[in-house]
1. Is it the case that some residue within segment 51-65 is touching a Gly at 6+ places or on another chain (Cβ under 7 Å) and modelled with pLDDT of 75 or more?
2. Among the candidates 143, 174, 116, single out the residue that is among the aliphatic types (A, V, I, L, M) and modelled with pLDDT of 85 or more.
3. Which pairs do you get when a residue that is acidic (Asp, Glu), found in segment 135-153, comes within reach of a residue that is in a helix (DSSP H, G or I), reach meaning Cβ atoms under 7 angstrom, with the pair 6+ apart or on two chains?
4. Out of all the residues in segment 82-136, which are under 14 Å from the mean Cα position of the chain (by Cα), surrounded by 22 or more Cβ atoms within 10 Å (Cβ to Cβ) and of a type in the set (D, E, K, R)?
5. How many residues does segment 94-118 contain that are closer than 19 Å to residue 24 by Cβ and part of a helix (DSSP H, G or I)?
Amino acid sequence: MAGSTPCPVLVCHPQRVVAEAVAAVLRAAGVAGDTCTVDQADAVLRVRQAIGLVVMAAGDGEVGEVTEALAHRGVAVPLMTCRDSLSVRGVVADLLDGASGAAALTSSPRRFAAVARTVAGGGLTVPVALRADVLRELADAVAVHAEARQRLAAMTPRQRQVLALMAAGHGHAAVAERLGLAVTTARTHAEQVRSKLAAASQLQATIEARRTLCLATAPRRPVAALFGQPGPGDGR
């Protein structure tokens with residue numbers, strides 16, 4: 001049996017019974033683990049200092065929420081996700097949200113533990129079978145996020161303020177009131193923003209404003225930093 005990881009693992013899952021099953025798999029492979037539900041993760045991490053890895057169920061928004069909670073407290077703990085099955089979309093989403101590896105719940109104990117050890121050691125692991133498609137999706141993400149940041153960079157500080165208010169659904173009058181501008185001035189700024197967003201209508205401008213802000217401030221991890229670091233493991 002391989003030696004345990006230097007620091008204990010915390011396994012988080014919406015269902016405690018599943019978390020305990022995953023922890024049992026890790027313990028069988030020599031990786032010490034404790035458990036909690038996802039909604040308990042923040043509280044547990046607040047009081048538990050000696051955690052070397054967080055393994056959690058991947059759900060919409062949940063990985064990012066835990067990543068943000070850790071970052072907010074300045075806690076640097078590697079994060080690994082577990083899913084019922086692995087897909088390109090799921091792995092890419094997890095990587096962009098801050099995870100450094102993923103394994104299927106159907107993985108063998110040995111494979112699951114191998115991914116856990118790689119991530120706990122500071123490595124990044126992408127399933128071999130999905131690697132080419134994952135890197136292709138990440139390349140697309142690099143281009144999309146870069147385009148959004150370029151759009152923002154091309155705007156003046158005032159235009160970025162107007163963009164944020166447009167994204168929140170405010171019309172010209174509300175923008176003018178919030179920024180202390182004349183309505184005609186607010187309308188001029190909004191038209192300039194709409195032009196830079198290449199939007200054909202006010203509705204499209206609002207949608208593009210939201211999309212641009214979202215993409216320019218996400219993902220939580222710079223996608224370019226993921227290239228060249230596929231790491232070991234096929235996640236099976």
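The values are calculated or read from the model by the stated rules, or taken from the named source; none is laboratory data. Quick caveat: nothing in here was measured; it's all calculated off a predicted structure. Quick reminder, even Gly has a Cβ in these numbers, built from the backbone with ideal geometry, and neighbours come from all protein chains shown.
1. no
2. Unique residue meeting the criteria: 174.
3. As it stands, the answer is 137/88; 137/92, since those pairs meet every condition given.
4. Across segment 82-136, the qualifying residues are 94, 97.
5. Residues meeting the conditions: 9.
Quick grid of which residues meet (1) in a helix (DSSP H, G or I); (2) at pLDDT 95 or above; (3) surrounded by 14 or more Cβ atoms within 10 Å (Cβ to Cβ):
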| site | (1), (2), (3) |
| --- | --- |
| 161 | yes, no, yes |
| 190 | yes, no, yes |
| 198 | no, no, no |
| 208 | yes, no, yes |
| 219 | no, no, yes |
| 230 | no, no, yes |
| 233 | no, no, yes |
